[in-house]
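Visitor: What follows is a single structure, and I will ask about it in a moment.
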Ligand SMILES: C[S@@+](CC[C@H](N)C(=O)[O-])C[C@H]1O[C@@H](n2cnc3c(N)ncnc32)[C@H](O)[C@@H]1O
């Protein structure tokens with residue numbers, strides 16, 4: 001298949017913005033192009049124009065599928081186990097020391113494995129009832145999966161390994177039941193979690209938090225969009241509260257970097273120190 005040109009990608013993002021009100025204009029070009037290419041193969045579009053034609057229509061169901069395919073949903077429980085050790089041993093104890101309810105935002109939560117990891121960690125710290133969690137994503141279909149908390153049993157192997165590397169207190173299978181190739185997570189863990197659709201590109205801050213996790217999301221954004229989204233996070237954090245990003249992401253090139261202090265450079269944890 002011929003490589004899609006930048007001008008074609010521009011025409012595509014313009015069309016999506018006009019017809020469907022989603023703005024992908026500042027997503028990182030190379031990964032966005034790969035996703036478009038993948039969609040064309042998956043849905044067997046004969047040409048780029050055929051894809052454009054499909055998106056020009058008002059097939060909402062197709063657009064939801066397109067949205068799910070254009071965004072990368074790969075995730076796992078306790079992804080980067082040493083990050084979860086840092087949360088358990090340093091960040092969460094600091095936040096919980098005041099003995100007040102703390103609030104956590106998972107921005108770009110995908111199918112919810114990150115949220116279950118947090119709930120399990122908090123339960124093992126006897127702190128699940130001291131925390132309010134909001135989990136958001138641009139993609140409603142993936143949020144439905146997060147709400148379900150049903151994963152492929154095969155995926156639980158890597159999740160279990162991560163949990164062991166993080167030195168969880170028990171065995172991960174204490175938190176789910178396996179049946180017919182599926183793992184049903186214990187929903188009581190997330191009974192107080194609020195899942196909601198939220199687009200980091202177009203929406204503003206909606207509450208204040210003590211900890212924001214936005215891991216492996218901004219890697220798909222260009223610098224302009226990263227700056228914009230980090231402003232939303234800055235506004236959504238109390239002073240002296242924490243922001244955690246993905247292991248391949250960084251704050252140092254961002255306009256707002258001087259308002260944050262590096263807490264752990266390896267695990268990409270930052271503290272908001274200036275309003
Ligand atoms: C690779 S997953 C990361 C999941 C999890 N945070 C982790 O680190 O394993 C990226 C998620 O970001 C979401 N996402 C992409 N663009 C977004 C946007 N503009 N607003 C909110 N979420 C977005 C995708 O739908 C996807 O679920």
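Readers should treat all values here as calculations from the given coordinates under stated rules, not as data from a laboratory. Worth saying up front: this structure is predicted, and the values here are computed from it rather than measured. When we count neighbours, we look across all protein chains shown, and the Cβ atoms used for this are built from the backbone with ideal geometry, even at glycine.
Visitor: Sorted from largest down, what three extents in whole angstroms do the Cα atoms of the chain have along their principal axes?
Guide: Largest to smallest, the principal-axis extents are 57, 51, 28 Å.
Visitor: Over the stretch 215-275, what number does the Rg to Rh ratio reach, with both radii from the alpha-carbon atoms and Rh per Kirkwood?
Guide: 0.91
Visitor: Could you line up 215, 88, 19 from fewest to most neighbouring Cβ atoms inside 10 Å?
Guide: In increasing order of surrounding Cβ atoms, one gets 19, 88, 215.
Visitor: Can you put 270, 195 in order, fewest other beta carbons within 10 Å first?
Guide: 195, 270
Visitor: Using only Cα atoms, tell me the angle between helix 113-124 and the longest principal axis of the chain; keep it within 0 to 90° and round to the nearest 10.
Guide: Between the helix axis and the principal axis of the chain, the angle is about 0 degrees.
Visitor: Which percent, to the nearest 5, of DSSP beta bridges fully inside the stretch 81-272 are antiparallel?
Guide: Counting DSSP beta bridges with both partners in the stretch 81-272, the antiparallel share is about 45 percent.
Visitor: Apply the a/c threshold of 1.5 to the C-alpha gyration tensor of the stretch 105-169 and tell me whether it is rounded, prolate or oblate.
Guide: Oblate, since a/c reaches 1.5 and b/c is not below a/b.
Visitor: For the stretch 23-37 and the stretch 140-154, what is the separation of their C-alpha centers, rounded to whole Å?
Guide: The distance from the Cα centre of the stretch 23-37 to that of the stretch 140-154 comes to 25 Å.
Visitor: Sequence gap at least 6, Cα distance under 8 Å: using those rules, report the relative contact order of the stretch 6-70 to the nearest whole percent.
Guide: 34
Visitor: What list do you get for 182, 248 if you sort them by fewest beta carbons within 10 Å?
Guide: With the sparsest Cβ surroundings first, the list reads 248, 182.
Visitor: Given the C-alpha centroids of the stretch 204-219 and the stretch 245-272, what is the distance between them in whole angstrom?
Guide: That distance is 13 Å.
Visitor: How far is helix 6-20 tilted off the main Cα axis of the chain, in degrees rounded to 10, range 0 to 90?
Guide: Around 70 degrees separate the two axes.
Visitor: Of all DSSP beta bridges in the stretch 193-275, what percent run antiparallel (nearest 5)?
Guide: 60
Visitor: Given 10 °C and 1.306 mPa s, how large is the Stokes-Einstein diffusion coefficient of the stretch 165-275 in µm²/s, with Rh as the Kirkwood radius over Cα pairs?
Guide: Value of D from the Cα-based Kirkwood radius: 99 µm²/s.
Visitor: For the chain, find the longest principal axis of its Cα atoms and tell me its angle to the long axis of helix 60-70, 0 to 90°, nearest 10.
Guide: It is inclined by approximately 70 degrees.
Visitor: Based on the mean of other Cβ atoms within 10 Å per residue, sort peptides 116-122, 149-155 so the most packed one is first.
Guide: Ranking, from highest mean packing down: 116-122, 149-155.
Visitor: Given contacts defined as C-alpha pairs under 8 Å and at least six residues apart, what's the relative contact order of the chain, whole-number percent?
Guide: 17
Visitor: If I take every Cα pair under 8 Å that is 6 or more residues apart in the stretch 126-275, average their sequence separation and divide by the length, what percent do I get for the relative contact order?
Guide: After rounding, I find 20 percent.
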